[in-house]
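One structure is given below, encoded as structure tokens.
The values are calculated or read from the model by the stated rules, or taken from the named source; none is laboratory data. In this text, all values refer to a predicted model and were calculated from it rather than measured experimentally. Cβ coordinates were reconstructed from backbone atoms using ideal geometry, including for glycine residues, and neighbour counts include every protein chain displayed.
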Amino acid sequence: MAEIGFYHLTRTGLEDALPRLLGRTLQAGERAVIRCGSPERLAALDAALWLCPEPDWLPHATPATGNADLQPIWLTTEDNAPNGARFLFLVDGAETTHLATYTRVFDLFDGNDETQLTRARERWKTAKAAGHALSYWQQGPRGWEKKA
């Protein structure tokens, strides 16, 4: 079973929060796949990861740039991990049918968007019913706070 963390964005946007989580992933010696909800989001995140100030280097690629097997971070709209990632980041309400193949799953959603909040609650219920280990994190004044 996967360990699934739900990350409730309240203080920053995805483009600001995601790079720090990815930096920690790389520091842990892991690879990541980011499943985006649309090609437009994929393109925006691709640009944001190249330009983010912290961490200042997040090596990554997309299907447009290729060589998935060489990439520590892979951005895609597809439900796969061609770079062998064990960490999955789901954004824009993207889902996967392969939860059990990942060690950790990060489900990031905008808490200021009622539709995203409702869909995240539904994903929580589904993952809990399937027996996955769940955690809930919310942005607070000093960073991520784990909630009960």
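Considering only region 73-89, I want to know if a residue exists there that is within 19 Å of P19 (Cα to Cα), in contact with a Cys (Cβ under 6 Å, 6 or more places away or on another chain) and not aromatic (F, W, Y).
Residues of region 73-89 within 19 Å of P19 (Cα to Cα): 73-77, 81, 83, 85-89.
When the remaining residues are screened for being in contact with a Cys (Cβ under 6 Å, 6 or more places away or on another chain), the result is 77.
Adding the requirement that they be not aromatic (F, W, Y) leaves 77.
Looking through region 73-89, at least one residue is within 19 Å of P19 (Cα to Cα), in contact with a Cys (Cβ under 6 Å, 6 or more places away or on another chain) and not aromatic (F, W, Y).
Sort through A61, A48, A68, A32 and tell me the only one that's among the hydrophobic types (A, V, I, L, M, F, W, C) and in contact with an Asp or Glu (Cβ under 6 Å, 6 or more places away or on another chain). Quick ask: steps written out before the conclusion?
Working: A61 fails: in contact with an Asp or Glu (Cβ under 6 Å, 6 or more places away or on another chain); A68 fails: in contact with an Asp or Glu (Cβ under 6 Å, 6 or more places away or on another chain); A32 fails: in contact with an Asp or Glu (Cβ under 6 Å, 6 or more places away or on another chain).
Testing whether each residue is among the hydrophobic types (A, V, I, L, M, F, W, C) and in contact with an Asp or Glu (Cβ under 6 Å, 6 or more places away or on another chain) leaves just A48.
Considering each of L51, L45, L70, L117 in turn, give the residue that is surrounded by 18 or more Cβ atoms within 10 Å (Cβ to Cβ) and among the hydrophobic types (A, V, I, L, M, F, W, C). Just one listed residue meets the conditions, L45.
Look at region 53-72: where a residue is closer than 16 Å to L26 by Cα and modelled with pLDDT under 95 and a partner is among the basic types (K, R) and not in a loop (DSSP other than H, G, I, E, B), sitting 6+ places away or on another chain with Cβ atoms under 7 Å, you get E54/R20. Screening A2 against (1) among the hydrophobic types (A, V, I, L, M, F, W, C); (2) at pLDDT below 95; (3) surrounded by fewer than 18 Cβ atoms within 10 Å (Cβ to Cβ) leaves a single unmet condition, (3).
Looking at region 19-27, is at least one residue in contact (Cβ under 8 Å) with a residue 60 or more places away in the chain, among the β-branched types (V, I, T), out of contact with any helix residue (DSSP H, G or I) (no Cβ under 7 Å at 6 or more places or on another chain) and within 22 Å of K146 (Cβ to Cβ)? So that I can check it myself, show each step before the final result.
So in region 19-27, the residues in contact (Cβ under 8 Å) with a residue 60 or more places away in the chain come out as 21-22, 25.
Then keep just the ones that are among the β-branched types (V, I, T); that gives 25.
If we keep only those that are out of contact with any helix residue (DSSP H, G or I) (no Cβ under 7 Å at 6 or more places or on another chain) as well, we get 25.
So of that shortlist, the ones also within 22 Å of K146 (Cβ to Cβ) come out as 25.
Yes.
Given the criterion assigned to a helix (DSSP H, G or I) and of a type in the set (D, E, K, R), identify the matching residue among E15, E95, E30, E54. Write out each step before concluding.
Values: E95 fails: assigned to a helix (DSSP H, G or I); E30 fails: assigned to a helix (DSSP H, G or I); E54 fails: assigned to a helix (DSSP H, G or I).
That would be E15, the only listed residue that is assigned to a helix (DSSP H, G or I) and of a type in the set (D, E, K, R).
Given the conditions (1) touching a residue at least 60 places away in the same chain (Cβ under 8 Å); (2) under 21 Å from M1 (Cβ atoms), which single one is not true for E122? The number of the failed condition is (1).
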